[in-house]
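Working notes, structure below.
The values are calculated or read from the model by the stated rules, or taken from the named source; none is laboratory data. Just so it is clear, the model here is predicted, and its values are computed rather than measured. Every residue, glycine as well, gets a Cβ built from its backbone with ideal geometry; the counts of neighbours run over all protein chains shown. These area figures cover heavy atoms from the full protein model, side chains too; ligands, DNA and RNA do not enter into them. Shrake-Rupley method; radii C 1.70, N 1.55, O 1.52, S 1.80 Å.
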Amino acid sequence: MKNFTYFRPTTPEQAVALLENRWGNTELLAGGTDLHDLQKEYVAQPARVVSLSGVNALAGIRVEEKSVRIGAGAKLADIANHAELKRLFPSLTDAADQIGGPQIRNMGTLGGNLCQRNRCWYFRDEHTNCLLKTGQRCFALDGENKYHAIFSQGHRCVIVNPSTLAPALIALGASAVVQGPNGRRTIELGRFFRAPGANNEREHVLEANDMVVEVTIPRSNLANASYEVRHKQAYDWPLVQAAVSFERGDGGVRNPRVVLGHVAPTPHVAEAAARSITGQAVSEATAGAAGRAAAQDAKPLSQNGYKVKLVEVAVKRALIIAAGQKRYWEV
Amino acid sequence: MAQVFQVIGTRPIRHDGLDKVTGRAQYGADIQLSGMLHGRVLRSSHAHARIKSIDASAALKVPGVEAVATAADLPESGDRIAHLGEGAVNLRHLSSNCLARGKVHYKGQAVAALAATNPHIAEEALALIKVDYEPLPPVMDVREAMKDSAPKLHADVFTEEMGQLKKDKPSNVAKHFQFKLGDVHKGFAQAAVTVEREFHTATVHQGYIEPHNATAMFNPDGNVTIWCSTQGAFTVRAQVSELLQIPVSRIKVVPLEIGGGFGGKIRVYLEPVAAVLSKKTGKPVKILMDRAAVFEGTGPTPGSYIRVKLGADKTGKLVAGEAYLAYEAGAFPGSPIGPGAMCIFACYDIPNVLIDGFDVCVNKPATAAYRAPGATNAAFASETVVDEICRQLKIDPLEFRLKNGAKEGTRRADGPIYPRIGMIETVEAAKKHPHYVAPLAPGSSPFPRGRGVASGFWFNIGLKSSVTASVNNDGTVSLVEGSTDIGGTRVSVAMQLAEALGIRAEDVRPVVADTDSVGYTDVTGGSRVTYATGWAAYEAAQDIKWQMLEKAAQLWKTDLDNVVYDKGVIRAKDDPAKKITFKELAEKIQHKGGIVVGRATVDPPWPGGAFATHIVDVEVDPDTGKVSILRYTAVQDCGKAIHPSYVEGQIQGGAVQGIGWALNEEYAYNAKGEMTNASFLDYRMPTSLDLPMIDAVIVEVPDPKHPYGVRGVGEVPIVPPPAAIANAIYAAVGVRMNELPMSPGRVVKALAAKK
């Protein structure tokens, strides 16, 4: 790890004032579960680290009349175990509960989960100078890409966004409150992420001197669920994730949102799947059809064709869970 | 006649237990010496390259940096072959594996090292060492490497073809040999069913929790002390002696507690480097590896390509077997191809066998031993083909094994005739086990479930062990041994001494000593410690017994033949009133009669070998390809289980590692030959949440040569799992998985191909 100067501000405004308008030289430190790994691997080499451990205003989960507000510093474990959140937004709490292991969930934060760097093994290799560092190309495009994007048309970098909270939050219509040098602004999470495609770009749209202070979720009675297809039960990322939400109506599903994780450089909104299930009663048949619709436009790379099938399964199962129906894959 | 035991077969608390659960046990990373420097190793960023130059001048200018070491600091070893506890080693290769000389042969190979006053300075300065490489094309796959057109790793490695060195042109194939029995052509001609299949297995790592470490202190008088985590202090001594050209008597190796080894902590990596840096600086130097260095810079077990052909007559009797095994040695010759070829058909009595083995260099880390080295790859192939034959002939797979299983008198293809062994007994126990009798274990889903079985063999070894045992005046015995305790062997060795003396296990105080404080002892490996070091403890107990009898005879002023030793009590034959306990006599001789110290060294014959038969129920999610293990039973012949808890622990641990190998683990390489998943996160070893409780079933067919019938238990449980799981997957969904790991992506692909 490269040596760095350590700052410990006590307000979001102070924290942002310590940031720079370029990436890389100064990094924000929340739970440290991602940044310290990157530093130890020399992938991140900040000269200055701004710790958020003294910024008390970032903690806290508040369930209000119109919305739920979760501080960017809220621990993943606190989100996973929050009784009211579990009742309202099981898609979010289930996703939080499956991240890493207990130690990771006790340290990792909501803001960190949204802004964490991707897991591409070329990006994570100190010696590989890929497009997201200062290099000219994405090595996964025609290299080892079995965990990479299957919805990557035209993207110059084929990472998958690593956040599992993001698909759930996007499906719930959540927004991020962002503190910048000139004050606060709100960004819908559906517009928060982007596919990085050039040197030093990040996986989101924030400027280098912005920070997330809070996420707000509109209160609603949306049916919602997240389903992850995983290889391991702990200390692993999903191979594919689907988060869904919809209104329950007499005429079947209304206003559904289907958001996929780990299939594209950003959380991937599967509009065809949403259209497919709209107005339908959720059943194995209709959910299966929505799953197939979700996978329809996938363009897998050389080694990740298997993920297309997993998209179908994840969407199907997420819809079944959200509808409160019998989980056909369990006895 | 079964022996009746007082201590053996009970479950006393292990002597090192308290220190371990309270965090007081001393591991290599805990070492702190005054004036100690911290070393770091610079590793190759290329899979294959010529080193044109190394310039450390900038690093040496960093304040706090005290020395840099490269291969130039190691004596030229020449092409000498040495036997260093892990089979024969070419010293030039071993030396180049510690610090690369001229070329690097894998990404992660050590190229240079430096020592500084703190680890941060060391790490920063390391980045200033400039290595000028001329990159060469790497070859990563065993069959690619065997082609004439493949890039050659070494200009001086030639094929040893059936014992003859073919010196005409360099080759990546370091060795080709055959084991032959009978006539396979005639054998296959008698077969009613013949099945031939190909298999691929990935490179996997032992995955011990504790990374390698070494601290060395080189004194001006030429004596060097090394503290490290090793499976064998004496093999570290021998290797350092050869690599640095120092007499063994000048080297003291202090083995610290070991956080797992599984075969991977026999070869030296850091020890000679720390010693060189200490010699250069005159200060103690400590070097620790991080996890990436462990994955990339130490020895995993080989990836392999295996072809197996088996034939059986219509009654289900095996008539012929043919196998072709090509194992990746990694950067230097020396894969476990020999044991792989030995084990592939070792569970069966097959009259006609032809086995071809190939040891092949590729640009991956030099492979090291891993729990029954080479046998798991082989069994995955052979036990899958056996399963196919059973299905074609509609024979129950355990019946098939009863019919064909190896027994006393069976000749193995590599020559030996089995003494008393327990293959058949494990199959009988598996057949009777409630797991095998019961219907498939209920799953958590309505998805297809299936049951598979597989057997495995590992030969186990004897080798040399020494102990001394001093009788204390409080009636206890201090037992000094040279065997690193990995799986609870302090207690299993102490129990054999206690049994022989008729005292409690708790009254033996075992200690694992450094190389100056105990007689020569070979490595903790080959499932040998409870067998051989336990045997030495038994012999030391006999030595103590005779001395105690002499003391009692002197005390009672009677003849030696008039005193007997019986379960910790010494009696006079002619006078029932004359008796004294071990403890009483121990106290007495402190004042009069003289001290009793027992000692023994043994080099016992090799044990009869260990056999295991595993049963597994799996559930396969046909949508996701995810395989879940519902129930797992591992039956094993242990000879005699000295401490059943640790025997069960070995069986469970081995089975779990085999399951990880089967379903999860692999070295992923990119086109440049770089490992892309050198972290526990990306390597995907299973956790407790991914596994059921493993039911360990101990079968006891005592080894008739050993005083207590011990056979050794540590290795064979890793052998059957991949094949057992592959067979269970077939039973569940009808696809034959012929490539490890059987990860969700591969299973989905296989299912799609079936449709």
Note to self: At 20 °C and a viscosity of 1.002 mPa s, what translational diffusion coefficient does Stokes-Einstein give for the stretch A:1-119, taking Rh as the Kirkwood radius over Cα pairs? Give it in µm²/s as a whole number.
What the structure shows: 141
Item checked: Convex hull projection area averaged over all views, the protein assembly as shown, Cα basis, nm² -> 47.3
Notebook entry, point to check: Using Cα pairs under 8 angstrom and six or more residues apart, how large is the relative contact order of the stretch A:55-200, in percent?
Noted result: 18
Next item on the list: Using Cα positions and a limit of under 18 Å, work out the aspartates and glutamates in reach of B:Lys167, with same-chain residues fewer than 8 apart set aside.
Entry: B:Asp79, B:Asp148, B:Asp156, B:Asp359
Margin query: Per residue of the stretch A:288-303, what does 6.51 cos²θ - 1.76 cosθ + 1.60 with θ = phi - 60° give for ³J(HN,Hα)? Whole Hz please, x for Gly and Pro, Karplus curve as stated.
Written below: x, 5, 5, x, 5, 5, 4, 8, 3, 8, 4, 10, x, 8, 5, 10
Next item on the list: Treating the angle as unsigned and between 0 and 90°, give the value, to the nearest 10°, between the Cα long axis of helix A:306-322 and the longest Cα principal axis of chain A.
Entry: 70
Notebook entry, point to check: the stretch A:36-55 to the stretch A:13-32: how many Å between their Cα centroids?
Noted result: 9
Notebook entry, point to check: Restricting the count to DSSP beta bridges whose residues both fall in chain B, what percent are antiparallel, rounded to a multiple of 5?
Noted result: 75
Notebook entry, point to check: How do A:His231, B:His200 stack up against each other in accessible area, from largest to smallest, with a 1.4 angstrom probe?
Noted result: B:His200, A:His231
Checklist line | Relative contact order %, chain B, counting alpha carbon pairs below 8 Å whose residues are six or more apart | finding: 15
Notebook entry, point to check: Can you list the trypsin sites (Lys or Arg not before Pro) in the stretch B:366-460 that are in a DSSP coil and have 12 or fewer other beta carbons within 10 angstrom?
Noted result: B:Lys394
Next item on the list: Compute the Rg to Rh ratio over the stretch B:203-249 from the alpha carbon atoms, using the Kirkwood formula for Rh, and round to two decimal places.
Entry: 1.06
Next item on the list: Order the following by accessible area, largest value first: B:Glu66, B:Glu210, B:Glu550. Probe radius 1.4 Å; ligands, DNA and RNA are ignored.
Entry: B:Glu550, B:Glu66, B:Glu210
Checklist line | Computed helical MRE - 222 nm, the protein assembly as shown, DSSP H runs ≥ 4 contributing -39500 (n - 2.57), nearest 500 | finding: -7500 deg cm²/dmol
Note to self: Just to confirm my numbers, what's the Cα centroid distance between the stretch A:204-275 and the stretch A:291-330 in Å?
What the structure shows: 13
Check: Beyond 26 Å, what share of the Cα-Cα pairs of the stretch B:490-612 remains, rounded to the nearest whole percent?
Finding: 30
Note to self: To make sure I understand the rule: partners must be aspartates and glutamates, Cα under 16 Å from the Cα of B:Lys309, and not fewer than 8 residues away in the same chain. Which ones qualify?
What the structure shows: B:Asp183, B:Glu196, B:Glu198, B:Glu322, B:Asp349, B:Asp356, B:Glu383, B:Asp387, B:Glu388
Note to self: Can you return the lysines within cross-link range of A:Lys86? Criterion is Cα-Cα under 28 Å, with same-chain partners fewer than 8 residues away left out.
What the structure shows: A:Lys66, A:Lys75, A:Lys232, A:Lys316, A:Lys326, B:Lys626
Checklist line | Violating pairs (Cα-Cα greater than 28 angstrom) within the set B:Lys583/B:Lys705; B:Lys403/B:Lys640; A:Lys2/B:Lys61; A:Lys2/B:Lys286 | finding: B:Lys583/B:Lys705
Margin query: What number do you get for the stretch B:1-121 when its Cα radius of gyration is normalised by 2.2 N^0.38 Å, N = residues?
Written below: 1.62
Next item on the list: Go from 0 up to the bin containing the longest alpha carbon distance in the stretch B:156-291, width 5 Å each, and give me the % of pairs per bin.
Entry: 2, 9, 13, 13, 10, 10, 11, 10, 8, 5, 4, 3, 2, 1, 0
Notebook entry, point to check: Looking at the stretch A:225-240, which residues lose a minimum of 10 Å² of accessible area between their chain alone and all protein chains in place, measuring with a 1.4 Å probe and not counting ligands or nucleic acids?
Noted result: A:Val229, A:Arg230, A:His231, A:Lys232, A:Gln233, A:Ala234, A:Tyr235, A:Asp236, A:Trp237, A:Leu239
Check: Given Cα pairs under 8 Å that are at least 6 residues apart, what percent is the relative contact order of the stretch B:194-290?
Finding: 39
Notebook entry, point to check: How fast does the stretch A:136-292 diffuse by Stokes-Einstein, in µm²/s, taking the Kirkwood radius from C-alpha pairs at 37 °C and 0.692 mPa s?
Noted result: 194
Check: Using the Karplus equation 6.51 cos²θ - 1.76 cosθ + 1.60 (θ = phi - 60°), what ³J(HN,Hα) coupling, rounded to whole Hz, does each residue of the stretch B:209-218 give in order, writing x for Gly and Pro?
Finding: 6, 8, x, 4, 7, 7, 10, 10, 10, 9
Notebook entry, point to check: What accessible area, in Å² to the nearest ten, does a 1.4 Å probe give for B:Ile246?
Noted result: 20
Checklist line | Rg ratio (alpha-carbon, reference 2.2 N^0.38 Å) - chain B | finding: 0.99
Notebook entry, point to check: How big is the accessible area of A:Tyr235 in square angstrom, nearest 10, if you roll a 1.4 angstrom probe over the protein chains?
Noted result: 80
Notebook entry, point to check: Shape of the stretch B:535-576 from its Cα gyration tensor (a ≥ b ≥ c, root eigenvalues): rounded if a/c is under 1.5, otherwise prolate when a/b > b/c, or oblate?
Noted result: prolate
Item checked: Cα gyration tensor shape of the stretch B:393-435, rounded if a/c is under 1.5, else prolate or oblate by comparing a/b with b/c -> oblate
Margin query: Rg/Rh for the stretch B:374-522 to two decimals, with Rh computed the Kirkwood way over all alpha-carbon pairs.
Written below: 1.14
